[in-house]
Every structure is written in structure tokens, then in C-alpha cells.
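Remarks on the structure that follows.
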Amino acid sequence: MDMIEEMGVVVSLEGQVANVAPLTQTGCHGCSSSDMCGTTLLSPLFGNKRRMLAAENSINAKPGDQVVIGLNRTALVLASLMVYLLPLIMLVAGALCGTALATAMAIEDTEVVSIFCGIGAASLTFIAVGRVVKSAFFSAFFEPVLLNRL
């Protein structure tokens, strides 16, 4: 299985699950464009929250241990497509269906119907993707894995 590896530190244990904080920082502070970047400008509004990953503690790591976290590369690409591309496709498809529906029903404001149908289709897609990702079938596919201690 092709894995993306990232360093992390075990923050706490909950039974056989280790809560791991990744050690890598975002590139915002070291980037040459950080003075003009929108992400850097907006980051103070959202706080500096630390990401946490939960993974099965198969290597018997203890709090404070540095570990290597593995993320399934295929799962990451699939999740990105499901979260970004699928709702965009459904937004366009919903808008086209809304236009056809408004035309068939002889509604003059086809743009309004098209907008609402597109937003509705994209919203339903976000909800469906959330449920699929949280389902038991996919949850193991998307979970990070502790590969080894350092």
C-alpha cells in the first residue's frame, strides 16, 4: 500500500487509540509569498488550532513518543475528489437541471431556479459525501496508521 508519511508526536492515549499531533508546519511562514498570501492574511481570524489525528496504537507508543504516521495515498486522492470535484460537478448538473425544469414549467426566472437547484445539489452532495466517509466501510480506508516510533 502506497503511503504518505508524516512525523508526529503522541499527545494522549484513549484505550488502543493514540491521538497524534503532526509535527510538520504549514508552509505559510517559510514561503516567499507569505506577505501577499490570502491564507496568511486570514489565518489570524481562525486561530492557530493544532490538528489531531486518531490512529490505532499498534506500535505501543506512549504519550510524548515521536512516531511516523502513514496516510493511504489512494484514500487521500479519493477523499479530495469526493470533497472538491464531486460537489462542483453536482453544482453544474443541478444548475442545468434547474434550467431545464424552469423552462419545462414555463417559469420566466430560469436563473433563480437554476441557482437554487445547483446549490441544493451541491449541498446534498456534501451531506452524502460526509455520510459515506463516516461509514464503517470507508472509515478504515481513510484512517491514518502508526508505522513506527522514532
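Regarding residue 71, is this residue under 13 Å from the mean Cα position of the chain (by Cα) and touching a residue at least 60 places away in the same chain (Cβ under 8 Å)? When the stated conditions are applied, residue 71 passes them. If you go through the stretch 133-150 and pick out every residue that is without any contact (Cβ under 8 Å) to a residue 24 or more places away in the chain and of a type outside the set (A, V, I, L, M, F, W, C), you end up with 3.
Taking the conditions (1) at positive phi; (2) open to solvent by 90 Å² or more (accessible area, probe 1.4 Å) in turn, residue 150 satisfies each one other than (1).
The values are calculated or read from the model by the stated rules, or taken from the named source; none is laboratory data. All figures in this text were calculated on a predicted structure; none of them were measured in a lab. Neighbour counts are summed over all protein chains in view; Cβ atoms, including those assigned to glycine, are modelled from backbone coordinates with ideal geometry. Accessible surface is based on the protein model in full, side chains and every heavy atom, while ligands, DNA and RNA are left aside. Shrake-Rupley method; radii C 1.70, N 1.55, O 1.52, S 1.80 Å.
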